[in-house]
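Enquirer: Below is a structure I'd like to ask you about.
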Amino acid sequence: MRRSKLTYPALFSLLFAVWISVPVFYDLFNRSKEILVSRSENRMLARRPKLTCATLAGFPAAYEKFYNDHFVLRWELIHWNSYLVSYLFFHKSPVPAEVDLGLNGWLYTAGKEREVYEGKYLLPESYLEAISQEMTLRNRWYAERGITFYLAIAPMKCEIYPENLPSFYHRSKTGTLTDILLARFRKDTSLRIIDLKPAMRAAKEHGELYYPTDNHWNALGAYWAYRAITGRMQQDFPAIEPLKEDDFRIVRERGKGGNLATMIGLYEFLHETYQKTRILHPKSVVGLKAGYPSPKGFSYPDEYELVRLNPDTTLPRIVVIRDSFFTALLPYMSENFSKSVYLFDNWKYQRQEEIVAKEKPDIVLLMVLESNLSQVLSSLAK
């Protein structure tokens, strides 16, 4: 009897000892597999500190920071907590400063985009004037070199799909920063502005245009943005003939959640139907890069300069200063120009005088996500 009474406490103690030893053994035998970059937090994780006489004083704090980033099942526990506690039980964003949960499974970028939408992101009069003057000066600088300049503004997802926004979102009744800047831009009647918002709203009848778990538009949305851009360019360059819907196919593939789902640790639990454009009879091919140096600290140096060539030399040449929203337009746009040079300059949206002077394009297109319009100020600071 006495033996049976001792068996269960002994087994329980042994089980407890094994359980609390798991992190220790994991730490000892998993050193070669340490992850250096977080899969969802978009940051470098702390590295294991070395214990030496010189590092002895700061070693405990450094090791604690390392352990907090690498303890066993850290990633799984964070993401299951995000999914079960935040998403399912309370339907609240695990990272409300970055992403908000909308209706019908839709996610929206919080922070600056929400501030722009609600009219809370404003700039001083001097800044507004500086941005407006910069567009006028760019237009003049390009025109002096025989280049036609276009400014295209990509709308935020919340502007095109407000019906899926959280109930606590309220669009500004007095106008957003985009509205204010557009009014200023239009005072310069020589400036060719392409506000894509009306075109995208009208195109909603053709299908879903943005990804529910990502802040970008999909291939179908990109097509209607492309149609609006090239339709305006065609007025000045009749040789441009926008592709029709029967000139391409959209291939769909189911995958993990998009960038917004990743930001809140739910990309393993939420899924997305991704779209890729397949031009049926493509003329454009990948061209040789000139090797322009990408900006320091840019996370996507291979995407800084992209080149496409088309054998039809009667078509105009174009340089596009872009951000990630333009990526889905690339297959369409490349069919309408004899040479296309696409520059993704780390969201700085600079004039790129040296590259433009070397490429000698007929057209320069600046396409900016509306919440990034203030980024033009960074080129002015330079």
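The values are calculated or read from the model by the stated rules, or taken from the named source; none is laboratory data. Not measured: the values here are computed from a predicted model. With ideal geometry, Cβ positions are generated from the backbone for all residues, glycine too; neighbour counts draw on all protein chains shown.
Enquirer: Within segment 202-209, can one find any residue that is crowded, with 18+ Cβ neighbours inside 10 Å and closer than 15 Å to Met156 by Cβ?
Expert: Looking for residues that are crowded, with 18+ Cβ neighbours inside 10 Å and closer than 15 Å to Met156 by Cβ, one finds at least one in segment 202-209, hence yes.
Enquirer: What pairs come up if the first residue lies in segment 168-182 and is surrounded by 16 or more Cβ atoms within 10 Å (Cβ to Cβ), the second is at pLDDT 95 or above, and their beta carbons are under 6 Å apart, counting only those six or more places apart or on different chains?
Expert: Ser172/Glu118; Ser172/Gly119; Thr176/Val116; Thr176/Gly119; Leu177/Val116; Leu177/Tyr121; Thr178/Glu370; Leu181/Leu373
Enquirer: Inside segment 250-294, can you point out the residues that are exposed (fewer than 15 other Cβ atoms within 10 Å of the Cβ), within 25 Å of Glu359 (Cβ to Cβ) and in contact with a Lys or Arg (Cβ under 9 Å, 6 or more places away or on another chain)?
Expert: The answer is Val285, Val286, Ala290.
Enquirer: In segment 201-249, what residues are acidic (Asp, Glu) and assigned to a loop (DSSP other than H, G, I, E, B)? Give the derivation first.
Expert: Within segment 201-249, the subset acidic (Asp, Glu) is 205, 208, 214, 236, 241, 245-247.
The answer is Glu208, Asp214, Asp236, Glu241.
Enquirer: Moving on. Of all helices (runs of 4 or more DSSP H) completely enclosed by segment 54-162, which ones contain at least 1 residues that are closer than 21 Å to Trp217 by Cα, at pLDDT 95 or above and under 23 Å from the mean Cα position of the chain (by Cα)?
Expert: Values: elements: 59-70, 74-81, 112-117, 125-143, 157-160.
By residue number, 112-117, 157-160.
Enquirer: Taking the residues in segment 132-159 that are buried (at least 20 other Cβ atoms within 10 Å of the Cβ) and among the aliphatic types (A, V, I, L, M) as candidates, determine which candidate is nearest to Asp179 (Cα to Cα).
Expert: Ile153
Enquirer: Got a number for residues in segment 193-207 being without any contact (Cβ under 8 Å) to a residue 40 or more places away in the chain, under 17 Å from Ile229 (Cα atoms) and within 22 Å of the chain's Cα centre (by Cα)? Before you say what the answer is, go through the steps one by one.
Expert: At the first step, the residues of segment 193-207 found to be without any contact (Cβ under 8 Å) to a residue 40 or more places away in the chain are 198-199, 202-203, 205-207.
Adding the requirement that they be under 17 Å from Ile229 (Cα atoms) leaves 198-199, 202-203.
Remaining after also requiring within 22 Å of the chain's Cα centre (by Cα): 198-199, 203.
Within segment 193-207, residues that are without any contact (Cβ under 8 Å) to a residue 40 or more places away in the chain, under 17 Å from Ile229 (Cα atoms) and within 22 Å of the chain's Cα centre (by Cα) number 3.
Enquirer: Here is a follow-up. Specify which of the listed residues (Tyr169, Tyr210) is under 23 Å from the mean Cα position of the chain (by Cα), within 18 Å of Asp323 (Cα to Cα), aromatic (Phe, Trp, Tyr) and modelled with pLDDT of 95 or more. Can you show your working first?
Expert: Numbers: Tyr169 fails: within 18 Å of Asp323 (Cα to Cα).
Result: Tyr210 is the single residue among Tyr169, Tyr210 that is under 23 Å from the mean Cα position of the chain (by Cα), within 18 Å of Asp323 (Cα to Cα), aromatic (Phe, Trp, Tyr) and modelled with pLDDT of 95 or more.
Enquirer: Considering only segment 309-330, I want to know if a residue exists there that is assigned to a loop (DSSP other than H, G, I, E, B), basic (Lys, Arg) and touching a residue at least 40 places away in the same chain (Cβ under 8 Å).
Expert: Looking for residues that are assigned to a loop (DSSP other than H, G, I, E, B), basic (Lys, Arg) and touching a residue at least 40 places away in the same chain (Cβ under 8 Å), one finds none in segment 309-330, hence no.
Enquirer: A follow-up question, please. Within segment 218-241, work out how many residues are farther than 18 Å from Ile279 by Cβ and crowded, with 16+ Cβ neighbours inside 10 Å.
Expert: The number of residues fulfilling the criteria is 4.
Enquirer: Now, a different point. Would you check which residues across segment 163-199 are over 25 Å from Leu101 (Cβ atoms), basic (Lys, Arg) and not in a helix (DSSP H, G or I) and list them? Reasoning before the result, please.
Expert: Here is the first cut: in segment 163-199, the residues over 25 Å from Leu101 (Cβ atoms) are 174-175, 179-196, 198-199.
Restricting the remaining residues to those that are basic (Lys, Arg) gives 184, 186-187, 192.
Across segment 163-199, the qualifying residues are Arg186, Lys187, Arg192.
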